[in-house]
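Input: a single structure, listed below in structure tokens.
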Amino acid sequence: MRIRQILPWMLILVCLFVAACGGGGDENGGENGDGGGEAATEIDPATAGSIAGTINFTGTAPEPELIQMDAEPTCMEQYSEGPFTQEVVVNDNGTLANVFVYVKTGLEGMTFSTPSEPVVLDQNGCRYEPHVLGVQTDQTLLIRNSDDVLHNIHPEPTNSRSFNVSQPNQDMETERSFPAAEIMVPVGCDVHGWMTAYIGVVDHPYFAVTGSDGSFELPNLPPGDYEIEAWHELYGTQTINVTVGESESATADFTFEGG
Ligand SMILES: [Cu+2]
């Protein structure tokens, strides 16, 4: 008799437990995006602002190092000069490329949906393209092999599970994602020791990588106080505190110094 009374309660408890702990098997406890089923925070376009800036460079950059790529002639023949390492790329206007800029703090309590568009990491000319990139947590990373050469992509994150994928044929594509935020996930190729890339994984859409003009913009930010961090492979990180007022275009300029 008593069992009959207790059984429904036990079932309810089990259901509650599954609901609380299931969550689609997100073992890293990410509270981002669609996976958790939380509604995305609405950003009011009438008050949203932005942060833009430039990553300046002073001092002397190290000489670009030639990559010894003779072992892969099909890659090597794609280069009229070089190929050079991409660790420090100073632009003609004195700015720094390949800097990952993102909102480090100020978005706490907000939830952002995961973009459906993938981010592409290409293997082209036996180098990663781009060398530095960003994705949102759980966003698809589309890994492509544009070379007629065997590559073995091997990201080594700390907060998500690492993986190791062999792509022996040209035009192969593999999809993966990172469930947990991490600055930065290093990527290497087990076949070619010179191939390196870095992936910034954040649980919101406010990130950018500087290109050939050294500028960045983080649009559509709700008004608030933010800590902006700029990361560079060799020169480390810098942070700036920025307040964005209603519909304001705020500025955050960084300067990295070479030797
Ligand atoms: Cu490779």
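The values are calculated or read from the model by the stated rules, or taken from the named source; none is laboratory data. All of these numbers come straight from a predicted model, not from anything done at the bench. Note that each Cβ is placed from the backbone with ideal geometry, even for glycine, and that neighbours are counted across all protein chains shown. The protein model used for the area step is the full one, side chains on, heavy atoms only, and it has no ligands, DNA or RNA in it. Shrake-Rupley method; radii C 1.70, N 1.55, O 1.52, S 1.80 Å.
If the condition is being without any contact (Cβ under 8 Å) to a residue 12 or more places away in the chain and either among the acidic types (Asp, Glu) or within 16 Å of the ligand (Cβ to nearest atom) (or both), then the stretch 149-163 contributes no residue at all. Only residues that are surrounded by 19 or more Cβ atoms within 10 Å (Cβ to Cβ), within 16 Å of the ligand (Cβ to nearest atom) and part of a loop (DSSP other than H, G, I, E, B) were counted across the stretch 192-224, and they come to 2.
Mind listing just one residue for me: the one in the stretch 167-188 that is part of a loop (DSSP other than H, G, I, E, B) and of a type outside the set (A, V, I, L, M) and, of those, most open to solvent (accessible area, probe 1.4 Å)? This residue is ASP171. When the residues of the stretch 124-138 are filtered to those that are under 22 Å from GLY82 (Cβ atoms) and either within 11 Å of the ligand (Cβ to nearest atom) or surrounded by 21 or more Cβ atoms within 10 Å (Cβ to Cβ) (or both), which remaining residue is nearest to the chain's Cα centre (by Cα)? My answer is LEU133. Among the strands (runs of 3 or more DSSP E) confined wholly to the stretch 61-133, which include 1 or more residues that are farther than 18 Å from ALA181 by Cα? Answer list for the stretch 61-133: 119-124, 127-129. Of the candidates GLU227, GLU246, the single residue that is assigned to a strand (DSSP E or B) and charged (D, E, K, R) is GLU227. The listed residues are LEU141, LEU121, LEU96, and the only one of them that is touching a residue at least 12 places away in the same chain (Cβ under 8 Å), within 13 Å of the ligand (Cβ to nearest atom), surrounded by 14 or more Cβ atoms within 10 Å (Cβ to Cβ) and of a type in the set (A, V, I, L, M, F, W, C) turns out to be LEU121.
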